[in-house]
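The values are calculated or read from the model by the stated rules, or taken from the named source; none is laboratory data. Predicted model only: the values in this text are computed from it and were never measured. Cβ placement follows ideal geometry from the backbone for every residue including glycine, while neighbour counts extend to all protein chains displayed.
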Amino acid sequence: MGAGGVPMTSTRRTRGRPRDPEADEAIMKAALELFVERGLEGANFEQIAKRAGVAKVTVYRRWSSKEELLTQAIERARTLVPEADIWASADAAAQPADEQLMDSWVRTFGDARFRAILAQLVGSSVTRPSLLATYREQYIEPRRRMVRAALERARRDGRLDADAEIDTVIDMVVGAAMYRMLIDPDASTHPAAARRYLEEVLRQADRLLRLPDVPHRRGEGQEPGVQRSGHAPT
């Protein structure tokens, strides 16, 4: 309890000198470097402050946990097109939003630093799930909503099957991209190769979604060549 019986809260004080953007950048850069080099355990506030050249208290004043710090650092390091810019361009009849998202995926695909970050995120998800949970809440879900909106627009425009389950399409594309980035990173790091691969994943996903329902037993169900939603065989 504070003076006069007023309950104290955990809200950080905002008085004092304004935050130094250069210090913020140095701290986030150091946090990412240590995370890639040593994993979550090695990216503690003491080591981050030492590498960033700042006092440890400076880090504590800005972030409540290393999970929060790393999530913000990872997000800042990414090169995705901001959501507002995507929709502004789309509304202006410029490049479609889903094509802009493809551009951002291609940039991410060829980013060696992000591949290293992704490997650490996945590797720490079992023993220290808090980082992935924080990253998912603050980064993945907002971007997933952005991708879902772009694919729904593509579906309305007839560039994606009308019956497509959007979340399934997203999972298929993200899963294929993660496999290629983590298991076979040298296969598609060139932007043109990465684009061909991701576009082919989308084509195959759309093709599978246009196939007739699979019968429970061989020979049962729909006749060969009959497609859902009136689509011609592909």
Subset of segment 152-202 that is closer than 16 Å to Asp103 by Cα and basic (Lys, Arg) - its residue that is surrounded by the most Cβ atoms within 10 Å (Cβ to Cβ): Arg195
Criterion (assigned by TED's automatic domain parsing to the domain that holds Glu25, of a type outside the set (A, V, I, L, M, F, W, C), more than 30 Å from Ala150 (Cα to Cα) and modelled with pLDDT of 95 or more) met by exactly one of Lys50, Lys66: Lys50
Qualifying residue in segment 121-144 (condition: exposed (fewer than 13 other Cβ atoms within 10 Å of the Cβ), modelled with pLDDT of 85 or more and among the basic types (Lys, Arg)): no
Matching residues, segment 161-201, being part of a loop (DSSP other than H, G, I, E, B) and touching a Lys or Arg at 6+ places or on another chain (Cβ under 7 Å): Asp161, Ala162, Asp163, Ala164, Pro185, Ala187, Ser188
Output for segment 105-120, where each listed residue is modelled with pLDDT of 80 or more and not aliphatic (A, V, I, L, M): Arg113, Phe114, Arg115, Gln120
Top-ranked residue in segment 34-61 [being among the aliphatic types (A, V, I, L, M) and in a helix (DSSP H, G or I); ranked as surrounded by the most Cβ atoms within 10 Å (Cβ to Cβ)]: Ile48
Per-region count, segment 207-222, residues at pLDDT 55 or above and either of a type in the set (A, V, I, L, M) or out of contact with any helix residue (DSSP H, G or I) (no Cβ under 8 Å at 6 or more places or on another chain) (or both): 4
Residue within segment 159-166 that is at pLDDT 85 or above, of a type outside the set (Asp, Glu) and more than 20 Å from Thr71 (Cα to Cα) present: yes
